[in-house]
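*Asks:* Structure incoming, see below.
Computed from the coordinates by the stated procedures, all read-outs in this text should not be read as laboratory data. Everything numeric in this text was worked out from a predicted model, so none of it was measured.
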C-alpha cells in the first residue's frame, strides 16, 4: 500500500529498510491481517478517577464491526517504566494496539518516548509535522511554545496522523507484523481521528469475518416481556439477539457475523423487519438514536413548539433538548425555577403550591402549563423533585414528578422515586420527561 492511500491524514516519510520510500517518494506499509487487539489508555488522571475513560469504551464498541477481537484493555499512569512495561506486554501478544493519551507537549506526556524505547528506535523531529504544529498556533495568533516541538517527533516506523482539532498529531506505527495506533486523549480529537483516518484503514485491512449489529430501542414494555416477545427469533441461524434494560427503555441488539458487511446486513434485515412487526409503536429508535433526537424529529415533522419549566434538574432538560442541532426551530424557552417565588412569578398558581407542596404531581402539571402559556408554545414540560442527597420537607431524595401540557389544554404527570445520587436523579428525571413527552406526541395520553 502506498503511504497515503489507506489513510489520507497519514503523512511524513517512514525511514528504515522495511519502510523506506518507494519510487514515488512515499512510505510503504505491509499488508497483514489485524485480528487481535488491545487498548491502552494513558494518564494518571484516569487512574485517580479524576476523569472517566470514555475513549476506551468508544473504541471497544467499534472494533468488532471491523472483524477485530479486543482481548485486553489497560490503563497506565504517566510513568515511563510502567508505560514501557505495558507496551512491551501488548507488543508481545497483540496484532493491533490502540492507545489514547500522552501525546501532549509536557514532560509527563510520554507515549512517544515509551514506544520508541520498546522498539529501540530514535526519536527525530519531522519537518512536515513541525510545520503543521507551528501553523496551528500561528493560525490562532499565538507563538508556539518550544515545548510543543515534541509533538512533531517521529520514529522510523511511525507516520503522523492528521489532527485538525488540536496540536497533537497521532502516530501510526507499523513493524514486524504489528500496528500501534496512538490518538489524543481529548475525546473530540480522538473521535474525529478514528472516524476520518484510522477506521478506514483498519476496515481496508479486514480479512476475517466482520460483526454487524443493529440495536432496536423500545419503551413501555418490561425487559421480561420484551424477552418473551422476541423469543421466536432467537433460533434464527447466524443471528444473535440480546436484551438490555436501559434508562430509556429496553434495547434489543441483533448481531450477525459474515465475511462482508453487506452479507451481515442481509442476515439482519429480515429479523429487524419481524421485530418491527412484533413491537410496533413501542420502537422509538435504533442504534445511535437518542430520545432528544426523536423529540426533535417529531417536533419538526408536526411543526409544533415546546417550552420547559424545571426545578430539580437545574437546566439539564433544556440543555439536553438543545444539544440537538436545529432545536431553536421548536424549543421556545426554558425556565429554571429553583425558588418557589420564581414559579409563582411565571404563572404557577400559589394556591396549588400551598395545597399540594412544591414537590408534587399537581405542581409539576401547573409548571408544564405555565411554561406552555408563558412561552406561547404548543407543549410544556414541568419537572419538580428532590435531587438529594437530603430529604426536603419530609420528602425522600430521588422523588421526582414530571408533567406534560398539551395543545388541547390537558396535563399529564408521572412520578418516580430513585435515589442513586444527585446526578443520576437529574438524568433519570430528564429521561422520564422525554418519554412522557413522546407519549403525548403520539397521542397516547388521554
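*Asks:* Measure nothing fancy, just the Cα-based angle from helix 422-441's long axis to the longest principal axis of the chain, in degrees from 0 to 90, nearest 10.
*Replies:* 70
*Asks:* Using a Gaussian network model on the chain with a 10 Å cutoff between Cα atoms, which of 221, 42, 354 fluctuates the most?
*Replies:* 354
*Asks:* Give me the Kirkwood hydrodynamic radius of segment 291-441, using the inverse of the mean 1/r over all pairs of distinct Cα atoms, in Å to one decimal. Provide the component values of the computation, followed by the final result.
*Replies:* Values: mean 1/r = 0.0674 Å⁻¹.
Every distinct Cα pair counted, the radius reaches 14.8 Å.
*Asks:* Relative to the first principal axis of the alpha-carbon coordinates of the chain, what is the inclination of helix 361-375, with its axis defined by its Cα atoms, in degrees from 0 to 90 and to the nearest 10?
*Replies:* Approximately 80 degrees, to the nearest ten.
*Asks:* Tell me the mean residue ellipticity at 222 nm calculated for the chain from its helices only (DSSP H runs of n ≥ 4, each -39500 (n - 2.57), averaged over every residue, nearest 500). Please report the intermediate quantities before stating the final value.
*Replies:* Details: 15 runs with 155 residues, N = 446.
Helix contribution divided over all residues of the chain: -10500 deg cm²/dmol.
*Asks:* Antiparallel DSSP bridges in the chain: what percent, to the nearest 5? Show your work: numbers first, answer last.
*Replies:* Numbers: 49 of 76 bridges.
Among the beta bridges of the chain, antiparallel pairing accounts for roughly 65 percent.
*Asks:* Just need the relative contact order of segment 210-286 here, percent rounded to a whole number, with Cα pairs under 8 Å and 6+ apart.
*Replies:* Values: 121 pairs, mean separation 33.8, N = 77.
About 44 percent, as a whole number.
*Asks:* How are the C-alpha pair distances of segment 246-294 spread across 10 Å bins, as whole percents from the shortest bin up?
*Replies:* Percent of Cα pairs in each bin: 21, 48, 28, 3.
*Asks:* To check my understanding: the extent here is largest minus smallest coordinate of the Cα atoms along each principal axis. What are those three numbers for segment 246-371, in Å, largest first?
*Replies:* Between the extreme Cα coordinates on each principal axis of segment 246-371 lie 65, 29, 23 Å.
*Asks:* Additional query: To the nearest 10 degrees, how steeply does helix 291-302 sit against the main Cα axis of the chain, on a 0 to 90 scale?
*Replies:* Taking Cα atoms only, the helix is inclined about 60 degrees.
*Asks:* A follow-up question, please. Post the alpha-carbon centroid distance, segment 390-433 to segment 263-317, in whole angstrom.
*Replies:* Going from one Cα centre to the other spans 21 Å.
*Asks:* Moving on to the next point. Counting residues in segment 210-286 as N, plug N into 2.2 N^0.38 Å and put the Cα Rg over that result. Write down the numbers at each step before the final one.
*Replies:* Working: Rg = 12.0 Å, N = 77, 2.2 N^0.38 = 11.5 Å.
Scaled against compact globular proteins, the figure is 1.05.
*Asks:* In whole Å, what are the extents of segment 382-429 along the principal axes defined by its C-alpha atoms, from largest to smallest?
*Replies:* 37, 22, 11
*Asks:* Do you know the relative contact order of segment 64-130, to the nearest whole percent, from alpha carbon pairs under 8 angstrom that are 6+ apart? Write out the running numbers ahead of the final one.
*Replies:* On the way: 41 pairs, mean separation 18.1, N = 67.
With pairs under 8 Å counted, the relative contact order is 27 percent.
*Asks:* To continue, here is another question. Quick one: check the C-alpha center-to-center distance for segment 145-199 versus segment 48-75, whole angstrom.
*Replies:* Centre-to-centre distance over Cα atoms comes out at 17 Å.
*Asks:* In percent, how large is the relative contact order of the chain, given Cα pairs closer than 8 Å and 6 or more residues apart? Could the numbers behind the result be given before it?
*Replies:* On the way: 881 pairs, mean separation 46.2, N = 446.
Here the relative contact order equals 10 percent.
*Asks:* Using the alpha carbons of segment 10-205, what is the convex hull volume per residue in cubic angstrom, as a whole number?
*Replies:* On the way: hull volume 22.9 nm³, N = 196.
Per residue, the Cα convex hull of segment 10-205 comes to 117 Å³.
*Asks:* State the volume of the convex hull built on the alpha-carbon positions of the chain, expressed per residue in Å³ and rounded to an integer.
*Replies:* Numbers: hull volume 82.3 nm³, N = 446.
Cα-based convex hull of the chain, divided per residue, equals 184 Å³.
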